[in-house]
Amino acid sequence: MSDSEGRRVALLREALPYIQKFKGKIFVIKLSGKVTENLEILHTLMEEVALFYQVGFRVVIIHGGGRQLSEIAEKMGVEQTIINGRRVTDSDTLDLAKMVFMGKINTEILSTLRSYGIRAVGLSGLAGNIVRAKRRDEVAVTDRETGKERIVDYGHVGDIVDIDDHLLQVLLREEYVPVLSSLGADDEGNVFNINADTIAAEIAVSLQAEKLLLLSDVDGIYRDFNDKSSTISKLNFDEAVELYDSKGVGVGMLPKLYAIIGLLRRGVHATHILNGTRTNVLLQEIFTKDGSGTMITNE
């Protein structure tokens with residue numbers, strides 16, 4: 001046996017217990033715009049998703065697309081207002097979001113999955129009333145640049161009221177991969193732009209997912225954001241709470257850590273923060289002992 005064949009056999013042996021453990025379990029995978037904008041990266045990730053599918057994992061994909069939306073808005077001359085990292089969605093921006101999220105990005109993910117023989121279905125939160133939302137109330141916001149407080153109307157931005165996962169359950173039962181863009185609506189049919197991380201989190205809770213995988217261009221949770229070697233590989237629930245209370249991570253990581261702790265309390269078994277721009281990131285995280293990012297479990 002050659003060295004390369006030996007390495008493949010070793011990898012298969014390491015992966016086998018994880019395949020047996022997670023067969024039939026639900027994985028919710030959230031892709032950021034930073035991941036989906038590069039088609040080469042997207043193909044690599046969807047090839048890994050295809051392997052999950054083939055070994056019996058049930059997968060739901062949620063995607064954002066903020067970066068692509070900003071690029072299209074600039075080309076179309078639609079001015080964008082971003083306040084403390086959150087987009088104000090006026091009527092023109094909402095029209096572009098519909099085009100970009102359900103059009104360009106969703107279609108590219110579906111076509112890539114199809115190239116790997118995966119039966120995928122493109123959806124938004126409006127399909128089957130999956131995401132029921134309400135228009136976000138005006139809020140008082142302190143501008144980070146000026147330090148002044150003002151009242152902000154985020155426009156056609158929604159907050160989730162309820163998740164109806166019936167359609168997702170039907171698709172998963174029939175071995176389809178739902179691919180959901182980050183749009184939702186209220187009972188009157190008003191459409192809202194909704195944060196994709198929030199949708200992914202709420203769907204993971206509703207489906208009682210085994211894992212929520214958050215893919216962006218960040219390696220995981222850092223003890224020191226300026227030191228990329230300080231990535232924390234694994235935390236259990238109590239350790240995560242202790243770390244949050246001690247503020248032992250960078251300020252920018254605290255809100256994400258707080259949100260993850262809440263997800264674990266609500267029934268998600270594990271949340272992973274991964275750098276989706278890296279090759280084999282999903283396979284390494286799920287099928288090897290060392291992993292590739294940060295895993296926080298409810299153990």
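Each reported figure results from applying straightforward, stated rules to the coordinates on display, with no laboratory input. Just so we're clear, the structure is a prediction, and the values are computed from it rather than from any experiment. Neighbour counts are summed over all protein chains in view; Cβ atoms, including those assigned to glycine, are modelled from backbone coordinates with ideal geometry.
Measuring nothing but how far apart in sequence close Cα pairs (under 8 Å, 6+ apart) lie, relative to its length, the chain scores a relative contact order of 21 percent. Near Lys247, once Lys and Arg are set to +1 and Asp and Glu to -1 for all other residues with Cβ below 13 Å from its Cβ, the sum equals -2. Exposure proxy for Thr44, Thr146: other Cβ atoms within 10 Å of each Cβ, ordered fewest to most, give Thr146, Thr44. Annotation: extensible slack from Asn38 through Lys104 equals 22.5 nm (criterion: 0.36 nm per residue apart, minus Cα-Cα distance). Percent of C-alpha pairs per 10 Å bin in the range 113-166, short distances first: 20, 27, 24, 18, 10, 1. Across the range 218-299, C-alpha contacts under 8 Å between residues 6 or more apart give a mean separation that, scaled by the residue count, equals a relative contact order of 42 percent.
Seen from every direction in turn and averaged, the convex hull around the alpha carbons of the range 159-237 projects onto 7.4 nm². Spin-label pair Gln169-Asp95: with each label point 7 Å from Cα along the Cα-Cβ axis, the two points sit 3.9 nm from one another. Taken one residue at a time, the phi angles of the range 49-63 give Karplus couplings (6.51, -1.76, 1.60, θ = phi - 60°) of 4, 4, 5, 3, 4, 5, 8, x, 6, 9, 10, 10, 10, 10, 10 Hz. Gly and Pro are set to x.
Sites listed here are GluC sites (Glu not before Pro) in the range 176-243 whose DSSP assignment is loop and whose Cβ has at most 14 other Cβ atoms within 10 Å: Glu188. Ordering Ile26, Ile82 by the number of other Cβ atoms within 10 Å of each residue's own Cβ, fewest first, gives Ile82, Ile26. Per the Debye formula on identical point scatterers at the alpha carbon atoms of the range 218-299, with no solvent, log10 I(q)/I(0) at q = 0.11, 0.13 Å⁻¹ is -0.26, -0.37. Taking other C-beta atoms within 10 angstrom as a stand-in for reagent exposure, Lys148, Lys211 fall in the order Lys148, Lys211, fewest first.
For an R0 of 30 angstrom, estimate the FRET efficiency from the Cβ-Cβ distance between Arg119 and Ala15 and round to the nearest 0.05. Working from the Cβ atoms, E equals 0.80. Semi-axes of the equivalent ellipsoid of the range 24-216 are 29, 19, 15 Å, computed as sqrt(5λ) over the eigenvalues of the C-alpha gyration tensor in descending order. Of the chymotrypsin sites (Phe, Trp or Tyr not before Pro) found in the range 205-299, those in coil by DSSP whose Cβ has at most 14 other Cβ atoms within 10 Å are Phe225. For the range 10-44 versus the range 110-130, the spacing of their alpha-carbon centroids is 16 Å.
Express in whole angstrom the spacing between the alpha-carbon centres of the range 158-204 and the range 209-249. About 26 Å separates the Cα centre of the range 158-204 from the one of the range 209-249.
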